[in-house]
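Below is one structure; the comments refer to it alone.
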Amino acid sequence: MHTVILVLVEVLIVICLSRLVGLLFKSIKQPLVIGEIVAGIMLGPSLLGLLAPQLSATLFPPETLPFLNVLSQVGLIFFMFLIGLELNPKYLSGQLEVAVLTSHVSILVPFSLGTLLSLLLYPLVSNASVSFTAFALFLGAAMSITAFPVLARIITENNLQGTRLGTLALTCAAVDDVTAWCLLAVAIAVARTGNIIGALPTIAESFIYIALMATVGSWFLQRLAAHYHRAGRLSQLVLAGIYVAVVASALITELIGIHLIFGAFLLGAAMPKNADLVRELAIKTEDFVLIFLLPIFFAYSGLRTQIGLLNRPELWLLCAIVVLVAIAGKYIGTYIAARFSGINKREASALGWLMNTRGLTELIVLNIGLELGVISPLLFTMLVIMALVTTFMTSPLLEWAYPKKLIKLDTVEPEPIAEDNLNTTIPHDAYLHHYRILVPVANPSTQKGLLQLAVTLGLNFRQPAVVNPLSLIELEEDYGFENTPDEADRLILQRRQQLEELIITLEPPTTQPFVHPIVQISSNVARETAQIAKHEQADLILVGWHRPAFSNNRLGGRVGQILSIAPVDVAVFVDRGGERLESLLVPYSANIHDDLALTLALRLLINRDTCTLQVLQVLKENQVHEELSYELYAMIERLPASVRDRINIKIIHAPDPIAAVVAASESVDLTIAGTSRAWGIERQTLGRYTDELAIQCRSSLLITRRYSQLSSHLTSALSEPNHQEPIVNS
C-alpha cells in the first residue's frame, strides 16, 4: 500500500478511536484528554501490538512513523501557541504573593525529590551515554509540571473560577507554567550540550530572544491589535502572517538550541490580550489542531509507550515509586506553602490535588526527553503511567477534598427588578418555607411557555415560592478556548442576560421577583441538574421536551436521563404552543405518578380561579373501578368549596384508554398524565421511556414522574394566606 494512503488510514483510525475513548472517559467524569492518551496507547505495542502483532505491523509500519512525527510536531507547535495565547496576565494579578510562594514551593519540592530519585533510577534505567545532570534535570522537570489547560478545564467545569480557590489555583498554575517551561528549557540546553557550562551560551541566547520578543515583537503585535480594532475581524492574510510568525518563532528557538515549542509558546504569550482578538484567533486555530493534529501526537506517543517493558515485579515497584514521588512532592509542597500563606486546610488540600494534574503537558515533556535520548523507553513508559494516574485522580480527589456543596457561588442570587414591576413586598421570612421549582432552560428564546407554566404552577397568594430557571452551559472540548475561565465567565454572563430578558416578559409582573436564575458550567447536563435539584432541595423539576439528535423518542436524550436519575419529582412539558390555561385534564389510573399529576393539577386549580379540572378514569371491559387514594380524597376535602366546584370526576368505559384520553384532550388546554403503561408512557429496560401519549395528545401535555411519596405539592398551597398582596392574578 502506498505510504501516503497508509498514513491517511492511520489518521482516520486515530481520530475515530481517540474521540470514542475520549467520550467514554468523559462519561465517567474524567477529562477527554485521558481517553485520547489511552487511545494512543491502545494503538501501540502495549495493546494492539500485544493482541494482534501482525495487524499492528500492517497498520503502523516503521516507514510511516516519520510522517506521524511531522504531523504531531506541527500540532504541538500550534497547541503551545494556543496555550501561550490563552495565558492571560490577569491570572497573575490575584493573590500574587501567595501564588508565587505556593507555585515555586510546589515546583521546588517535587523537583528536589525527582533529583533524589534520579540517584536510584539512573543506574537502573539509563546508561553512560546520558549525562547524569541532564537526566536529573529532566526527571525533576517531569515531576514538577502542572498542566495549565487541564487545570483550567477542571476549575471551569466545577464552577470554581469565581472562588478564592479557583483564582489562586489559576494564578499558581500560570506561575508554575512559566517557571516549569524555563526549567525544561535549561534541561534541554544541558542535554544537548552535555553539561551546564556548555549550556550557558544557549541560555544567554534564549534570554536575548525573550527580551527581543518582549520589546520589538510586542511593538509589532500591538500594531496588529490596532489593525484588528479598526478592521473588526481577522482576514486570511493577517491570519497567514500570524501563522508564519508562529512557525518562524518556533524555528528560532530550535536553532538557539532549546526546542520548537518554546518559540510558539513565547509568541502566544506575547500576543496582545485583546479579548475579541484572542477569541477569534483561538477559535479559528483550535478546531483543526485539537481534532486532527493532537490525536496524532497521542498516537505517536502511544506507539512509543511499551508497557510490556515492565515485565518484572521490581520494575512495577519502581513505577509505583515514581508515581508516589510525583504525587507526594506536588501535594506536600503545595499544601505546606498554602497553609503557611494562611489558606485553610480544606482549600490547601484541594489546591494540592489541583496542582497534581499533569495531562498533555507532561506528555510533551516526556516526548522531548525521549527524542533527546535523556530518558529510556522504560522510564518513558513509567512516566506516561504517572501522567495518567495523576490526571485521573484529580477530579475525584478534588470532589472529596472540596465537595461541590461547599463551593460558595452566587448561583441563586436574586436579580434586581425594575421598581415599577414591584407591586409587592417580599417578607423577610418568605423563603424559610418556600416551594421550589427547578426549570432547566436550554434555549431562553424558545422556552417562555415552560417558564410561564412554572410560575403559574409555583406561585400563589398563600405562600411565596421560588422558581429557578436553570441554564447549564456544556463544554465540549478539554482544551477549547471556551474552557478558559474568562471565556466561561463571558458565556455565563451572556446566558444570564438572556434569562433576565425572558423573566421580564413573564405575567403578571409581580411574579418576577420570585424568579431567580441559576447559570453554571457543566460537563453533563442531566447529572448536574439532578445534583443541583438535590442540593437546592427542589420540590419539582419542570423540564421541556426535545427530540434527541439520533432518536424520535420525545422522552429520550437528556429528558430521559433526568426522568431516570433525578432524586426529586419530575414533570416534562410538551408545549403545543397554546397560551390559554383554563381547562385541565388528568387521566387517572391509580398509581403514584398519576397521584402526582392530580396533585399538580389541583395546585394549578388553586392558583388560577378561572381554571377547571376534569379527572378522567378510563375502564376497560370487566375492569373494576379504582378509587382515588385516601390521601387524595382527604386533600380534595381540604380544598375550598370554590376550588372543589371546579373539579369534575368522569368515569368512562373504552377498549383503548389512550385513544379515549387523546379524544378528551382535544377540548382542553393542558393534559397532565403520570408515567404509566395505561397511557403509553412507561419506563423500560435501561431507563428508556415510551412516548405514545406524547405523540398523539392534542393539547399541551405535562408528563409526571414521582420520586417520593413523602413530598407534598399542596401543603404550601393549602396553608393560611400571608399578609402580602397576591402575586398571581387570575
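At a glance:
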quantity: Amide N proximity, region 335-356 versus Leu101 label position 7 Å along Cα-to-Cβ, cut-off under 17 Å; calculated: 335-349, 351-352
quantity: For region 232-253 versus region 1-21, the gap between their alpha-carbon centres in whole angstrom; calculated: 28 Å
quantity: By average C-beta atoms within 10 angstrom, highest first, the peptides 213-220, 168-175, 133-140; calculated: 168-175, 133-140, 213-220
quantity: Sorted peptide list for 276-286, 292-302, 312-322, criterion being average Cβ within 10 angstrom, highest first; calculated: 292-302, 276-286, 312-322
quantity: Ranking of Val109, Val11 by count of other Cβ atoms within 10 Å, fewest first; calculated: Val11, Val109
quantity: Surrounding net charge for Ser72, when Lys and Arg each add one and Asp and Glu each subtract one, Cβ distance under 14 Å; calculated: -2
quantity: For Cys697, Cys182, Cys611, order by how many other beta-carbon atoms lie within 10 Å, fewest first; calculated: Cys182, Cys611, Cys697
quantity: Residue order, fewest to most surrounding Cβ atoms within 10 angstrom, among Met355, Met382, Met271, Met635; calculated: Met635, Met271, Met382, Met355
quantity: FRET efficiency, 1/(1 + (r/R0)^6) with R0 60 Å, evaluated for His227 and His2 via beta carbons; calculated: 0.85
quantity: Proximal charge balance of Leu670 [Cβ under 13 Å; K/R count +1, D/E count -1]; calculated: 0
quantity: Cleavage-rule hits (chymotrypsin sites (Phe, Trp or Tyr not before Pro)) in region 1-97: DSSP loop, at most 13 neighbouring Cβ within 10 angstrom; calculated: none
quantity: Kyte-Doolittle mean at least -0.5, axial Cα span of 27 Å or more - DSSP H helices of the chain; calculated: 3-27, 65-85, 96-125, 164-193, 236-256, 313-340, 377-401
quantity: Cα→Cβ-extended label distance, 7 Å offset, between Trp400 and Leu108, nm; calculated: 2.9 nm
quantity: Calculated over region 3-406: convex hull of Cα atoms, volume per residue (Å³); calculated: 146 Å³
quantity: Hull-based mean projected area of region 50-164, where the convex hull spans the alpha carbons, in square nanometres; calculated: 11.8 nm²
quantity: Contact order relative to length of region 3-406, as percent, for alpha carbon pairs under 8 angstrom and 6 or more apart; calculated: 29 percent
quantity: Sequence ranges 120-132, 572-584, ranked by mean other-Cβ count within 10 angstrom, highest first; calculated: 572-584, 120-132
quantity: Stretch gain in nm, segment Leu372-Arg644, where the contour uses 0.36 nm per residue and the Cα spacing is subtracted; calculated: 89.5 nm
quantity: Reported label for calculated log10 I(q)/I(0) by the Debye sum over Cα atoms at q = 0.05, 0.08, 0.11 Å⁻¹ given (1) -0.24, -0.63, -1.22; (2) -0.54, -0.93, -1.26; (3) -0.33, -0.75, -1.12; calculated: (3)
quantity: For region 295-404, diffusion coefficient by Stokes-Einstein and Kirkwood Rh (Cα), 20 °C, 1.002 mPa s, µm²/s; calculated: 142 µm²/s
quantity: Kirkwood Rh and Cα Rg combined as Rg/Rh, region 237-361; calculated: 1.09
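Coordinate-derived values only; no laboratory data. This structure is a prediction, so every number in the text was calculated from the model and none was measured. Here Cβ is always computed from backbone atoms with ideal geometry, including for glycine, and neighbour counts include all displayed protein chains.
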